[in-house]
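First comes the structure, then the notes that go with it.
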């Protein structure tokens, strides 16, 4: 493997953009595009990767058949670390860090998620999960693809060491990315750039979305408890019905996006659960609503926190009930580094992938925490099939990316890795 050149002093050119989106300035080095990606290195890595794909598909099936929920991913982490050739790789909670290449000096990291969702799978494959959990977000594909990329770098070398970040709890709270970011184990890797790739059914097969700036929204979870006076359903006049009040709270909240938010600013407020009562003939004492708030603009995020609370409280009072609102503040906006995005785009065609218009969505991902600490890039690899625009999507129990996605995601990861190695170096 070639000895990496010393890094340049990366400046703080993105601090203004990060402040705009409510993030602290990056404390790690900032990249500047100083060299074109090395086509010969990418070609060699892609050729090596092709030889690793069959074993990775078998690993994908194994991971898919025995998924583990957030906070319990030790078995998954062990399998993937072993496949990367480092069964004793250091742990960070239930995650692992696998370094491939020189044991010290600057590195490029690729993140893949370990955890599954608490869903009962509804797919016909023989290797479907039967344990009440499901890789319905494609994490099994990401992990298998990362073994391809890591083993390819181990085979032929690369401009910089590669650090495989096997991250726990992407789907649950508190975020596993927060365990990794700032941990002594990750700090010791001298990471200069972070890369992640996610499968996406809204992008067609063989295509990749990569673009600079914000691509995923900030996420907050909201809980609203509406309290009234319970009683017999036959005598509603002596109760203060929290179910009726909660129904109107749900309706009243909808105006906050349509009438209180700039229509040019993306924002979504969704109430996802309603918990009320235990019997058909009883008016309960309280109703609990939970939902999610997704925003791109930090001013919208702050004003909507206040507006949700005020709207819920005022609406409940109209029905002589009370409403108490609380928030769990989640991921910030996910911002792709412009230099990394530009360099990665140049590597996609040689990797056999076609770049499309950047996908920007109100989905969220805790990879955003890495973006706030390191120059970072999230790419979306298409798994959408022509003619099936309404097919099962992310987090659906029937979502099942095709096996070819393992190789496609691996090629995108290697494109991102080579691009990151070309940015900010002499």
Notebook entry, point to check: farther than 25 Å from residue 417 by Cα and surrounded by 20 or more Cβ atoms within 10 Å (Cβ to Cβ) - does that describe any residue in segment 95-118?
Noted result: yes
Margin query: Name the single residue that is farthest from residue 416 (Cα to Cα) among those in segment 157-173 being surrounded by fewer than 20 Cβ atoms within 10 Å (Cβ to Cβ) and touching a strand residue (DSSP E or B) at 6+ places or on another chain (Cβ under 9 Å).
Written below: 173
Notebook entry, point to check: How do the strands (runs of 3 or more DSSP E) wholly within segment 167-249 filter down when requiring 1 or more residues that are more than 16 Å from the chain's Cα centre (by Cα) and touching a residue at least 12 places away in the same chain (Cβ under 8 Å): which remain?
Noted result: 191-204, 207-209, 218-227
Next item on the list: With respect to residue 135, determine if the residue is touching a helix residue (DSSP H, G or I) at 6+ places or on another chain (Cβ under 6 Å) and more than 27 Å from residue 190 (Cα to Cα).
Entry: yes
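Only one of 105, 101, 71, 95 is in contact with a strand residue (DSSP E or B) (Cβ under 8 Å, 6 or more places away or on another chain) and at positive phi. Can you tell me which? Don't jump to the end; show me each part of the working.
On the way: 105 fails: in contact with a strand residue (DSSP E or B) (Cβ under 8 Å, 6 or more places away or on another chain); 71 fails: in contact with a strand residue (DSSP E or B) (Cβ under 8 Å, 6 or more places away or on another chain); 95 fails: at positive phi.
Matching residue, one of 105, 101, 71, 95: 101.
Could you say which residue among 152, 112, 145 is within 28 Å of residue 340 (Cα to Cα) and outside any helix (DSSP H, G or I)? Give the derivation first.
On the way: 152 fails: outside any helix (DSSP H, G or I); 145 fails: outside any helix (DSSP H, G or I).
Just a single option satisfies the conditions, and that option is 112.
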Check: Among the residues of segment 292-309, is there at least one that is more than 25 Å from the chain's Cα centre (by Cα), assigned to a strand (DSSP E or B) and surrounded by fewer than 23 Cβ atoms within 10 Å (Cβ to Cβ)?
Finding: no
Check: Looking at 369, 374, which is the one that is outside any helix (DSSP H, G or I) and either over 23 Å from residue 201 (Cα atoms) or assigned by TED's automatic domain parsing to the domain that holds residue 40 (or both)?
Finding: 374
Next item on the list: Specify which of the listed residues (344, 312) is assigned by TED's automatic domain parsing to the domain that holds residue 245, touching a strand residue (DSSP E or B) at 6+ places or on another chain (Cβ under 8 Å), part of a helix (DSSP H, G or I) and surrounded by 23 or more Cβ atoms within 10 Å (Cβ to Cβ).
Entry: 312
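The values are calculated or read from the model by the stated rules, or taken from the named source; none is laboratory data. Predicted model, so just to flag it, every value in this text is computed and none were measured. Every residue, glycine among them, receives a Cβ derived from its backbone with ideal geometry; neighbour counts consider all protein chains shown.
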